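*Asks:* Shown below is the structure under consideration.
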Amino acid sequence: MKRSQKEAEDSARKITRRSMIMGGFMLLTGGILAARMRYLQVERADDFRLLAEENRIRIDLLPPARGLIYDRYGQLLADNEQNYTVVMVRENVEDVDAVLDRLSHIINIDMASLNRAREDMMARAPHVRVTLADRLSWDEFASVAVNAPALPGITPEVGLSRIYPFGADFAHVVGYVGPVSDYYLESTGDTDPILQTPDFQVGRYAVEARMEQDLRGEAGNLWVEVNSAGRVMRELDREAPVPGGDLQLTIDTGLQNYAQARLGNESASAVVMEVETGEVLALASSPSYDPNLFVRGISVAEYSSLTENPYRPLASKTVQGLYPPGSTFKMVTALAGLEAGVIEPEETITCNGFVELGTRRFHCWRRGGHGRMNMVDGLSQSCDVYYYDLAQRVGIEAIAAMARRLGLGMRHDLPLSGVASGLIPSREWKLANRGSEWVVGDTLNASIGQGLVLSSPLELAVMTSRLATGRQILPQLVRTLNGVNRRMDSFAELDIPAAHLDVIRQGMWSVTNFRRGTAFGARVTEEGYEIAGKTGTSQVRNITAAEREAGVTANEDLPWERRDHALFVGYAPVENPRYAVSVVVEHGGGGSAVAAPIARDLLLRAMYGELPPLSAYPVGLRREIEEMHDNMDLLPLEVLRSTGQVRA
Amino acid sequence: MSYLEYTQKATPTGLRKVLYLNWALILLLTAVACVGFLMLYSVAGGSMRPWAGPQMQRFTLGLTAMMIVAFTPIWFWRNVSALAYGLSLILLLLVEFFGTVGMGAQRWIDLGFMRLQPSELTKITVVMLLAAYYDWLDIRKVSRPLYVLIPVAIILLPTFLTFIQPDLGTALLILVGGAAVMFCAGVHWAYFAAVIASAGGIVTAVFASRGTAWQLLQDYQYRRIDTFLDPSSDPLGAGYHITQSQIALGSGGWTGRGFMQGTQIRGDFLPEAQTDFIFPTLAEEFGFVGAASLLGLYLLILLFCIVTAIQTKDRFSSLVTLGVTATFFLYFAINMSMVMGLVPVVGVPLPLVSYGGSAMLVLMAAFGLVQSAHVHRPR
């Protein structure tokens, strides 16, 4: 198109002017952009630098290794073993089900537990790590690692898991660990962040539970650089976890193992203590169970078979079980009488088989009566009438006071679960709890450890230690924590005249060494190893007058749960006591026939430090004992020798 | 003075044209492209693959295309501008019906050896046709309503087609790029004022009516607009990009964390770091100094282009150059504003730096037009 010169110049001028305006606008915009850059990059640089660090740095908790638990000789009772697990975070996984399906083809995992893990994962926040499977074999673990690209969100990890090498032998002492439940967090108020990590396990029973704070240790921190998917790019810094404290118990593994085996399948318990130090060498409760089941996660069937067993394997009967102490209580009544000065040791009381109190008759266990009894006879033959008479002179207050001095009716707080306090009744207690006045009959029943009196096997062992030493022995279960002594090393005197204790000890000696003693059958014939003790047979039922007329049903003919408890307390060696024992066989029958032999065997095992020689037993028993030894399923000697527990 | 009046003696011919190229502009473009190579290398974690290598090849291809366009007389381009515009419209329609869906939008046609993105091409053809139109139009008629409606239609047709792909960013570039040509051609400023005022009025009305009985949009549409305008209201969705982008920018500080040391990019926190969000990476690794330098390079390119536009007395040459300049400016201004949180996120790449084939080629060809105008200017 033809344009005039003027037009062309006008056009050019206009374009120049407009392009200048546009250029100016562009420059202005450039200025704004530069100002914004300056604001972000210079003025707010520190803020954004911080945000960038938060973006890329994640702090992971490093779980501490749980403290180990040893016996008194250094035998490992609770160990940590490597546990191969598979952990999943669903945050960045598009198709969780497809991934889980692939995983189930790679490792051997049952669908029920996988579904449980899936539900757990879906219920929690997307970034929470959830364990899909644990205790994998090395091969499974390796194949998960190899297939990692096909398994987004899944990481194979190595953790530590608790293992109890002696299984059922220590279930009632060492206890077990288990997962952190919501109930645990609520009931303990424990806010340690390490509890939130998946698979972290805390002590749930016995020493593991009670010493939790000492055993747990402190979590470490791991600072890692992560990308937006949370994948770790590199480790920046590491603060190592502080492992938990190692615990040394007073328990003697060999003795504990022997005690569990000796109790066998009875519903029974036994405590062995060192009389001078109060150190508990064995706390056996039978039947027992494998604590490793609880670590792995016990199945419903396994758990209900434990809870439905009438012998109550889950109960630690040594500290939780409360029984009428029966005749094992008679030392208390006798000492109370001596202290009150209402009886002399040589003074005799005549037993005709019963005492009449108002319209009630209180029978001696021996229907025909014992005849004339002094204090030693009253103990060795366990004459009830002697104590009925004595009780009426002393009164319940003095008996109860003596019982408490000897360590009964008080909670000996060993670091175990459910430690119970026995009951030494008083007038006030009966009025408050039973709503009735104390009557003399109650005193008579209490004098022979029946009626309202209740004691745990641990209390009875403490009582025996106190009788043997004359000091206020308290039981000890923990020797050292991280090598630091945790025992009490001295005990005050009981302030019971030696003469009184000597009478009692003589009575206890004659129980097992005098021909007419109730436990003469359980005597030890090896010189220097003799034992002293006291039998007890405590009634679970009340025998009515009508029953007595008809003839008392023999114990063996009763249903199991109504039979008498068999008890025995004792110490040895007689001359220089070192060990005290208490044995309770629930509904076992007579203390002399059932409990005393067990107590004898435990004391011998403690004194010899290994299986006692047959020479320690009366000649007539040796064959039977030998057979019993052969049939006992004991720890191999190499295991015990490895820590010098048994002479090589 | 039209091209017909050029004295053929005054324009260089043959290989002599090489001497008359605007070499400073070529140098600046190459410098910006090199910044791109460097950043793509860094984003890939210190590797030529998958981005830096192909980007270099494309830049070489782009340089070649620029030379070819530059050596072709500018009046040829004026003559084919209507054809080019028509062709690009047809391609846009083809994309609408046969295009490949990528990233939720129909944007390209797969030609086998490359993916053609017609909307990129359209940015330039609109500018060309508008320049040719105003070259043809009597200067005195420029502001007459009828003659204003024609270029408006030229602009709105491809804008609409691009918008429904949907590609908001490119649609915006076509619209504002075309408007810039109209502005430079001398259309009365009152038109622009009216458009801006009425657009502002509509926006105000839409927002003012919210929550009243005569509300203009549905509630969900308002919520969408909210998210668009304020991404931080949706921190894990739309807001995530912009938050991470600002963190990257800000944590660069004065001098940056150093080449290949950006934690935002190393950790994949910054999405799309090779395309729309490449600027924060540069800012993180080279700091304010690096980011401002790139801005400086861009402004220098604008300066050289505007000077070219003023120097040439040919109306088509001037307007095409100014249109290309405006488009180029919009590219980097929108991209930088977007990553710095000044405007909502729309998909606009950083010119010559972001990874992308069509955009690079078309942009280099457009600079070829500027070069052609420079070489063939009347002397």
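The values are calculated or read from the model by the stated rules, or taken from the named source; none is laboratory data. Quick caveat: nothing in here was measured; it's all calculated off a predicted structure. Neighbour counts run over all protein chains shown; Cβ positions are idealised from the backbone, glycine included.
*Asks:* Scan segment B:258-274 for residues that are surrounded by fewer than 19 Cβ atoms within 10 Å (Cβ to Cβ) and either at pLDDT 90 or above or on the phi < 0 side of the Ramachandran plot (or both) and jot them down.
*Replies:* Once the filter is applied, which keeps residues that are surrounded by fewer than 19 Cβ atoms within 10 Å (Cβ to Cβ) and either at pLDDT 90 or above or on the phi < 0 side of the Ramachandran plot (or both), segment B:258-274 yields B:F259, B:Q261, B:P271.
*Asks:* Condition test on B:Q246, is it in contact (Cβ under 8 Å) with a residue 60 or more places away in the chain and within 14 Å of chain A (Cβ to nearest Cβ)?
*Replies:* Yes: the conditions hold for B:Q246.
*Asks:* Also, quick follow-up: Residues being more than 18 Å from B:G36 (Cβ to Cβ), more than 14 Å from chain A (Cβ to nearest Cβ) and of a type outside the set (S, T, N, Q): count how many of those fall in segment B:352-375.
*Replies:* Result for segment B:352-375: 4.
*Asks:* Which residue out of A:S19, A:S4 is at the interface with chain B (Cβ under 7 Å from one of its Cβ atoms) and not basic (K, R)?
*Replies:* Testing whether each residue is at the interface with chain B (Cβ under 7 Å from one of its Cβ atoms) and not basic (K, R) leaves just A:S19.
*Asks:* Right, another one. Filter segment A:607-648 down to the residues that are among the small types (G, A, S) and within 28 Å of the chain's Cα centre (by Cα), then identify the one that is modelled with the lowest pLDDT.
*Replies:* This residue is A:G644.
*Asks:* Next up: Scanning for something farther than 26 Å from A:G451 by Cβ and touching a residue at least 24 places away in the same chain (Cβ under 8 Å), does segment A:321-333 turn up at least one residue?
*Replies:* No, segment A:321-333 contains no residue that is farther than 26 Å from A:G451 by Cβ and touching a residue at least 24 places away in the same chain (Cβ under 8 Å).
*Asks:* State the number of residues belonging to segment B:175-218 that are within 14 Å of another protein chain (Cβ to nearest Cβ), part of a helix (DSSP H, G or I) and surrounded by 12 or more Cβ atoms within 10 Å (Cβ to Cβ).
*Replies:* 13
*Asks:* A further question follows. Just name the residue that is surrounded by the fewest Cβ atoms within 10 Å (Cβ to Cβ) out of those in segment A:426-458 that are of a type in the set (V, I, T) and under 24 Å from A:A268 (Cβ atoms).
*Replies:* So, considering only residues that are of a type in the set (V, I, T) and under 24 Å from A:A268 (Cβ atoms), the one surrounded by the fewest Cβ atoms within 10 Å (Cβ to Cβ) is A:V453.
*Asks:* So A:V99 fits all but one of (1) crowded, with 18+ Cβ neighbours inside 10 Å; (2) under 30 Å from A:G67 (Cα atoms); what number is the exception?
*Replies:* For A:V99, the exception is condition (2).
*Asks:* Here is a further query. Do you know which residues across segment A:56-82 are among the small types (G, A, S) and either at the interface with chain B (Cβ under 10 Å from one of its Cβ atoms) or buried (at least 19 other Cβ atoms within 10 Å of the Cβ) (or both)?
*Replies:* Correct list: A:G67, A:A78.
*Asks:* Another question, then. So for segment A:3-23 (the condition being more than 30 Å from B:W75 (Cβ to Cβ) and surrounded by fewer than 17 Cβ atoms within 10 Å (Cβ to Cβ)), does at least one residue qualify?
*Replies:* Looking through segment A:3-23, none of the residues is more than 30 Å from B:W75 (Cβ to Cβ) and surrounded by fewer than 17 Cβ atoms within 10 Å (Cβ to Cβ).
*Asks:* In segment A:364-407, what count of residues is obtained for those that are surrounded by fewer than 18 Cβ atoms within 10 Å (Cβ to Cβ) and farther than 23 Å from A:T464 by Cα?
*Replies:* Qualifying residue count, segment A:364-407: 8.
*Asks:* A further question follows. Can you spot a residue in segment A:199-212 that is part of a strand (DSSP E or B) and over 26 Å from A:D290 (Cβ atoms)?
*Replies:* No: zero hits.
*Asks:* Identify the single condition in (1) more than 26 Å from A:R38 (Cα to Cα); (2) touching a Gly at 6+ places or on another chain (Cβ under 8 Å); (3) in contact (Cβ under 8 Å) with a residue 24 or more places away in the chain that B:T227 does not satisfy, given that it satisfies every other one.
*Replies:* Checking B:T227 against (1) more than 26 Å from A:R38 (Cα to Cα); (2) touching a Gly at 6+ places or on another chain (Cβ under 8 Å); (3) in contact (Cβ under 8 Å) with a residue 24 or more places away in the chain, the one that fails is (3).
*Asks:* Take the residues in segment A:24-40 that are of a type in the set (A, V, I, L, M) and within 9 Å of chain B (Cβ to nearest Cβ), then tell me which one is surrounded by the fewest Cβ atoms within 10 Å (Cβ to Cβ).
*Replies:* So, considering only residues that are of a type in the set (A, V, I, L, M) and within 9 Å of chain B (Cβ to nearest Cβ), the one surrounded by the fewest Cβ atoms within 10 Å (Cβ to Cβ) is A:L27.
*Asks:* On to the next question. For segment B:289-348, give me the residue count where each residue is surrounded by fewer than 24 Cβ atoms within 10 Å (Cβ to Cβ), under 17 Å from the mean Cα position of the chain (by Cα), without any contact (Cβ under 8 Å) to a residue 60 or more places away in the chain and over 16 Å from B:V32 (Cα atoms).
*Replies:* Total meeting the criteria: 3.
A quick yes/no check of all residues on (1) under 30 Å from B:G252 (Cα atoms); (2) touching a Leu at 6+ places or on another chain (Cβ under 9 Å):
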{"position": "B:V289", "(1), (2)": "yes, no"}
{"position": "B:T321", "(1), (2)": "no, yes"}
{"position": "B:V353", "(1), (2)": "yes, yes"}
{"position": "B:A366", "(1), (2)": "no, no"}
{"position": "B:V370", "(1), (2)": "no, yes"}
{"position": "B:H374", "(1), (2)": "no, yes"}
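*Asks:* From the list A:E91, A:E53, A:E43, exactly one residue is within 10 Å of chain B (Cβ to nearest Cβ) and modelled with pLDDT under 85. Which is it?
*Replies:* A:E53
*Asks:* Turning to a different aspect of this structure: Quick one: which of A:A334, A:A301, A:A315 is in a helix (DSSP H, G or I) and surrounded by 15 or more Cβ atoms within 10 Å (Cβ to Cβ)?
*Replies:* A:A334
*Asks:* Restricting the search to segment A:142-192, which residues are in a helix (DSSP H, G or I) and in contact with a Leu (Cβ under 6 Å, 6 or more places away or on another chain)?
*Replies:* A:F170
*Asks:* Scan segment A:247-260 and tell me whether some residue there is touching a strand residue (DSSP E or B) at 6+ places or on another chain (Cβ under 9 Å), among the aromatic types (F, W, Y), crowded, with 19+ Cβ neighbours inside 10 Å and away from every other protein chain (no Cβ under 14 Å).
*Replies:* yes
*Asks:* Does A:V86 count as assigned to a strand (DSSP E or B), away from chain B (no Cβ under 14 Å) and farther than 30 Å from B:G250 by Cβ?
*Replies:* When the stated conditions are applied, A:V86 passes them.
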